[in-house]
Amino acid sequence: MKLLILVDNKNAIAKDGEQILFVDNDLHMFKKYTTNNIIIMGRKTFHAIGRQLPNRISVVFTHSKNEDKNNLFYVDSIEKLDDIIKKYSDKEVFVIGGAAIISLLWDRLDELIVTRVDTVVKGADTFIPDFKGFKLVKKCEIEDPNYKVYHEIWKREK
């Protein structure tokens, strides 16, 4: 299971319920990684996206009762999530947020795919844990007109 996330230098991911920043090249990478795979998110993240993303199997953690649709599953437990992952065992699994879902699944993550924006977002109020227990294995700069941005890959240390 992999985390796919954009953070600032303090590992902030959101401010007032919204993603802290958007980087065009990050959105392209997000699509490249997740197309034809599984994405896992919380209800707020799903509503922030505003729709089911095409060509992906979407799993939304929620306590609300919702009816599953084609390639869109609502779960309220890790056991139900595991059943879906087993059903699609040929797919890669990406956790995309929010913070509560990342925390819930943190110990299951074996790779962090991070877009790091070299800034600190003033007023950011939602953070993910530091990467203790993970090793940086790749880092390269992403072109962006507004910020210095890096694509980082972290692997869990064995």
Of residues in the range 136-154 being surrounded by 14 or more Cβ atoms within 10 Å (Cβ to Cβ) and without any contact (Cβ under 8 Å) to a residue 60 or more places away in the chain, the one farthest from the chain's Cα centre (by Cα): Y150
Some residue of the range 10-21 being among the small types (G, A, S), farther than 29 Å from D118 by Cβ and in a loop (DSSP other than H, G, I, E, B): no
Within the range 76-121, tally of residues that are aliphatic (A, V, I, L, M) and under 14 Å from the mean Cα position of the chain (by Cα): 13
Count of the range 20-44 residues which are surrounded by fewer than 21 Cβ atoms within 10 Å (Cβ to Cβ) and in contact with a Gly (Cβ under 8 Å, 6 or more places away or on another chain): 2
Conditions (1) more than 22 Å from L104 (Cα to Cα); (2) β-branched (V, I, T); (3) surrounded by fewer than 17 Cβ atoms within 10 Å (Cβ to Cβ); number of the one not met by T62: (1)
Count of the range 77-101 residues which are within 23 Å of A14 (Cα to Cα) and either loosely packed, with under 15 Cβ neighbours inside 10 Å or of a type in the set (F, W, Y) (or both): 2
Scope the range 102-131; condition loosely packed, with under 15 Cβ neighbours inside 10 Å and among the β-branched types (V, I, T); matching residues: V120
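No value in this document is a laboratory result; all are computed from the given coordinates. No experiment lies behind these values; they were computed from the predicted model shown. As a convention, Cβ positions derive from the backbone with ideal geometry for all residues, glycine included, and neighbour counts pool all protein chains shown.
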